[in-house]
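The values are calculated or read from the model by the stated rules, or taken from the named source; none is laboratory data. Keep in mind it's a predicted model, so treat the numbers as computed, not measured. Cβ placement follows ideal geometry from the backbone for every residue including glycine, while neighbour counts extend to all protein chains displayed.
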Amino acid sequence: MKFAEQDFIIQREPIKKPDALVINSAAPSNIALVKYWGKHSLQLPMNPSISFTLNKSQTKTTAQLKLLEEPQKNTPFKFYLDKKHQPDFEPKIADFFKRIQGFVPFITHFDWHIYSHNTFPHSSGIASSASGFAALAKIITDIEKQLYPPRTEAYYAKKTSFLARLGSGSASRSTEHPVMIWGKHPKIPNTSDLYAVVPDFEIHPIFQTYKDSIILVEKGQKKVASTIGHNLMNTHPFKNIRKQQAYDRILQMADYLKTGDLDNFIKLTEAEALELHALMMTSEPNYILMQPDTLKIIQSIRALRKKTGLPVCFTLDAGANVHVLYPDKISQQLQQLLFSKIDHETIYDFI
Ligand code: DP6
């Protein structure tokens, strides 16, 4: 079942308005295999992307809501990370609330206190905005469930991803497991630019045991926000080639995920990671997010693969950290031959 933007607009008044509400949620991070890079209009992707959901790196959020006497023009809220008020995070959340209020008008009827906690180290550079906005979007659809007549689970799932997208594009892929596709692909049924979907094919068992170990080359905030990088794609000299390639690669990746073709999975995953950074290095202005140790780690992964034949590969997001992807059955060997030799903190995650 596909939904259009109008399907997500609530047309009626709530059937009840409780004086207070407390809602908890949790959402995972994700790592793209074929990357979302470039966007237009209001958070619509230039090309489709596909990702593994990362189960261990989660944002847990509690929202405490109090009914206001009158709905406000802008939703009043305060955001706390690890119980500490964090005004720095509030402008992005304020934008999010403004973008979604036409679809979920009830949010303006409440005063919000939002308490979040990440199960991975704060500012480790892993995608906390994806898990953060997905957790908040889940809370909002949960409230919708309580205030309005029931809709189908498919509707709530798509609406959660739709709302999360309006906070951060990659957040749209942090709402379900184990693989999500965001962006309309003419050859993959039910895909949409508005929200991410779980593809309707079986993932090969080898990928159901996959691990993602994130080697933290650099901690702290990203130097260049993804949003700036996305916008640079609008005038990028390789824009059209990149777009076409991403469409082709989604089909290839879907095929490898179905068949368990590890050799080609590795080739394509690494090609995508390097291409993402090549696009940054060839935009105007250009910039480099990799650090010397990023390259050293990439080289040691490739050398290890060549020497041992172990099916290990890397991917990158918009930063210097290296995501090491491998099937669980080689975890011990990698611990000995790779992770124990690297002088950076590693976060062990799984699909
Ligand atoms: C390189 O989702 O962080 O991680 O929509 O502006 O919030 P905004 O961007 P964001 O971009 C993520 C880009 C990426 C690739 C990916 O996750 O697909």
Q | Residue list for segment 286-312, filter: over 20 Å from V34 (Cα atoms) and in contact (Cβ under 8 Å) with a residue 40 or more places away in the chain | A | Y287, Q291, D293, I297, S300
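Matching residues to (1) loosely packed, with under 14 Cβ neighbours inside 10 Å; (2) part of a helix (DSSP H, G or I); (3) modelled with pLDDT of 95 or more:
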position: R242; (1), (2), (3): no, yes, yes
position: A246; (1), (2), (3): no, yes, yes
position: E270; (1), (2), (3): no, yes, yes
position: L276; (1), (2), (3): no, yes, yes
position: E284; (1), (2), (3): yes, no, yes
position: L310; (1), (2), (3): no, no, yes
position: A318; (1), (2), (3): no, no, no
Q) Considering only residues of segment 100-145 that are within 13 Å of the ligand (Cβ to nearest atom), not hydrophobic (A, V, I, L, M, F, W, C) and not in a loop (DSSP other than H, G, I, E, B), which is modelled with the lowest pLDDT? A) S128
Q. Is it true that some residue in segment 234-245 is in contact with a Leu (Cβ under 9 Å, 6 or more places away or on another chain), of a type in the set (A, V, I, L, M, F, W, C) and within 15 Å of the ligand (Cβ to nearest atom)?
A. no
**Q.** Elements of type helices (runs of 4 or more DSSP H) contained in segment 147-240, each with 2 or more residues being modelled with pLDDT under 95 and either more than 30 Å from Q335 (Cα to Cα) or among the aromatic types (F, W, Y) (or both)
**A.** 226-232
Q) Taking the condition buried (at least 21 other Cβ atoms within 10 Å of the Cβ), in a strand (DSSP E or B) and touching a residue at least 24 places away in the same chain (Cβ under 8 Å), does L54 pass? A) yes
Q: Quickly run through segment 159-192 and pick out the residues that are among the charged types (D, E, K, R), more than 13 Å from the ligand (Cβ to nearest atom) and under 17 Å from L42 (Cα atoms).
A: K159, K184
Q | Criterion violated by F97 - all others in (1) closer than 30 Å to L316 by Cβ; (2) within 16 Å of the ligand (Cβ to nearest atom); (3) buried (at least 20 other Cβ atoms within 10 Å of the Cβ); (4) modelled with pLDDT of 95 or more satisfied | A | (1)
**Q.** Positions within segment 57-78 being in contact with a helix residue (DSSP H, G or I) (Cβ under 9 Å, 6 or more places away or on another chain), part of a strand (DSSP E or B), modelled with pLDDT of 95 or more and farther than 16 Å from K138 by Cα, in sequence order
**A.** L67, F77, K78
Q) Tally time: how many residues in segment 23-43 are at positive phi and either near the ligand (Cβ under 8 Å from one of its atoms) or free of Cβ contacts under 8 Å to residues at least 24 places away in the same chain (or both)? A) 2
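A quick yes/no check of all residues on (1) loosely packed, with under 15 Cβ neighbours inside 10 Å; (2) aromatic (F, W, Y):
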residue: Q64; (1), (2): no, no
residue: L67; (1), (2): yes, no
residue: Y80; (1), (2): no, yes
residue: F89; (1), (2): no, yes
Q.
Exactly one condition in (1) at pLDDT 95 or above; (2) within 18 Å of F133 (Cβ to Cβ) is false for V34; which is it?
A. (2)
